[in-house]
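The values are calculated or read from the model by the stated rules, or taken from the named source; none is laboratory data. Small disclaimer: the values here were computed from a predicted structure and weren't measured. Cβ: placed from backbone, ideal geometry, glycine included. Neighbour counts: every protein chain shown. These accessible areas exclude ligands, DNA and RNA; they are computed on the full protein's heavy atoms, side chains included. Shrake-Rupley method; radii C 1.70, N 1.55, O 1.52, S 1.80 Å.
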Amino acid sequence: MKKLLIVGYGDIARRTVPHLRAHYELHALMRRPREGEPVKAIYGDLDDPASLSSATLDWDVLMHFAPPGDTAERDERTRNLISVFENAGLRPRKLLYVSTSGVYGDCGGAQIDEAHPLRPQSARARRRVDAENALAAWGVPHIVLRVPGIYAADRLPIERLKRGTAVLRPEEDVYTNHIHAEDLAAICARALDYALPGAIYNISDDSVLRMGDWFDLVADRNALPRPRRISRAEAEQNLPTNLLSFMRESRILVNTRMKKELGVELIYSTVYEGVPDQSRPI
């Protein structure tokens, strides 16, 4: 059975396990022991290269879900991972990297495919571009998935709605993109079988909606007040920088390549199917 190492063993990585365990011997890089996990633990910290020696084995597949750190404009975690493998004289035979659609930056609401130029505007997106470039330069056969906002029943902006954080007026609002966590997990596993080396995929559902409409939907489905709408000028003066960065980017991801080359059939084709309705009495 082929050996697979998961780097970045978070929510989406855990959701991939049912799709992978029949075909792979699964291991996961972890910073500390965890009870009851259905994978074999390998201990190490991407921020500490010296701790990663036990991860540098002869892997058939490496799945890289780990986000960059919060400093600088380089993804030192990805570079540390590459470095310890190179120092050990080892390389995985295949690598899948889960990136972000933020690498495209603001596209003015245009529909964009994988050939669109990368113009990252935030530091976090620039770190993702750095990771993609570092992996491409490494020379390992790799696949890149550019992923937008991930949601599920337990991954909704409920607290933000309860805080009453405002959104933009419709005439100034941005387009946003989404993928359900279960669809993303299945796509990650499917890409290992069907993607060609070097392929890049936009991973998104078929929703075409603006950010404010997304928050209205989540509010309605959870019996919460809809957020108030404000002008962009008001938002720039009153909202935190991290929220503003998302409100400054508008694009509609084209998912044709994902569907045609990977044969993806979405469980939740739009957010209207994926966001559960908790507002109705049982």
Exercise. Note the full-extension length gain between N133 and E159 as 0.36 nm times their separation in residues minus their Cα-Cα distance, in nm to one decimal.
Key: 5.8 nm
Quiz item: Once the Cα atoms of helix 181-194 and of the chain are each reduced to a long axis, what angle between those two axes, in degrees from 0 to 90 to the nearest 10, is obtained?
Solution: 40 degrees
Practice problem: Obtain the nm distance between the two label points defined at A72 and H23 by a simple spin-label model: each point lies 7 Å from its Cα along the Cα-to-C-beta direction. | Solution: 3.6 nm
Self-check item: Within the accessible area of the range 1-102 (1.4 Å probe), percent carbon and sulfur
Solution: 47 percent
Quiz item: What is the P(r) of the range 90-193, as percent of Cα-Cα pairs per 5 Å bin from 0?
Solution: 2, 9, 16, 18, 21, 17, 8, 5, 2, 1, 0
Exercise. Of the options P276, P68, L253, report the single residue whose Cα projects farthest towards the positive end of the charge dipole of the chain (beta-carbon charges: Lys, Arg +1; Asp, Glu -1).
Key: P68
Quiz item: If you plug each phi of the range 44-57 into the Karplus form 6.51 cos²θ - 1.76 cosθ + 1.60 with θ = phi - 60°, what whole-Hz ³J(HN,Hα) values come out, in order, with x for Gly and Pro?
Solution: x, 10, 4, 7, 10, x, 5, 7, 9, 4, 6, 8, 8, 10
Exercise. Would you pull out the residues with amide H under 5 Å of M63's amide H, same chain only if 5 or more places away, H placed 1.01 Å from N?
Key: L5, I6, V7, L96
Quiz item: With a sphere of radius 12 Å drawn around the Cβ of R34, what net charge do the other residues whose Cβ falls strictly inside it have (Lys, Arg +1; Asp, Glu -1)?
Solution: +2
Quiz item: What part of the accessible area of the range 182-240, given as a whole %, is carbon or sulfur when the probe is 1.4 angstrom?
Solution: 48 percent
Quiz item: Sorted from largest down, what three extents in whole angstroms do the Cα atoms of the range 210-282 have along their principal axes?
Solution: 45, 38, 16
Practice problem: Mind giving me the FRET efficiency for R280 and Y194? R0 is 45 Å, r the Cβ-Cβ distance, nearest 0.05 is fine. | Solution: 0.70
Practice problem: In debye, nearest 20, what is the charge dipole magnitude of the range 180-227 about its Cα centre with +1 on Lys and Arg Cβ and -1 on Asp and Glu Cβ, if you could check? | Solution: 120 debye
Practice problem: Under a 10 Å cutoff between Cα atoms, tell me which one of L52, L90, L145 has the largest fluctuation in the Gaussian network model of the chain. | Solution: L90
Practice problem: Given the peptides 227-235, 146-154, arrange them by the average over their residues of other C-beta atoms within 10 Å, most packed first. | Solution: 146-154, 227-235
Exercise. Would you mind calculating the gained length between Y272 and R31 on full extension (0.36 nm times residue separation, minus the Cα-Cα distance), in nm to one decimal?
Key: 83.1 nm
Quiz item: With θ set to phi - 60° and the Karplus curve 6.51 cos²θ - 1.76 cosθ + 1.60, what are the ³J(HN,Hα) couplings of the range 215-220 in order, to the nearest whole Hz, using x for Gly and Pro?
Solution: 5, 4, 4, 5, 4, 4
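Excluding R226 itself, calculate the net charge of residues whose Cβ lies under 12 Å from the Cβ of R226, where each Lys or Arg counts +1 and each Asp or Glu counts -1. Please report the intermediate quantities before stating the final value.
Details: positive: R221, R228, R229; negative: D213, D216, D220.
Charge balance in the 12 Å sphere: 0.
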Quiz item: So, in Å, what gap is there between the alpha-carbon centers of the range 154-195 and the range 198-222?
Solution: 5 Å
Self-check item: ³J(HN,Hα), Karplus 6.51/-1.76/1.60, whole Hz, each residue of the range 221-236, x for Gly, Pro
Solution: 6, 10, 6, 10, x, 5, x, 6, 9, 10, 6, 4, 4, 5, 4, 4
Quiz item: Taking amide hydrogens as modeled 1.01 Å from N in the peptide plane, which residues meet the under 5 Å criterion relative to E25, leaving out close sequence neighbours?
Solution: K2, K3, L4
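Rounded to a whole number of µm²/s, how large is the Stokes-Einstein D of the range 1-147 at 4 °C and 1.567 mPa s, given Rh as the Kirkwood radius over C-alpha pairs?
On the way: Rh = 16.0 Å.
This corresponds to a translational diffusion coefficient of 81 µm²/s.
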Quiz item: Using Cα atoms only, what is the angle between the long axis of helix 11-20 and the major principal axis of the chain, expressed in degrees (0 to 90) to the nearest 10?
Solution: 60 degrees
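Rolling a 1.4 angstrom probe over the protein heavy atoms, how many square angstrom per residue are accessible across the range 215-271?
Values: 3050 Å² over 57 residues.
Per residue, the range 215-271 has 54 Å² of solvent-accessible surface.
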Quiz item: For the chain, which semi-axes, largest first and in whole Å, follow from the square roots of 5 times the eigenvalues of its Cα gyration tensor?
Solution: 33, 21, 19
Practice problem: Using amide H atoms built 1.01 Å from N in the peptide plane, name the residues 5+ places from I230, or on other chains, whose amide H lies under 5 Å from its own. | Solution: V167, L168, R169
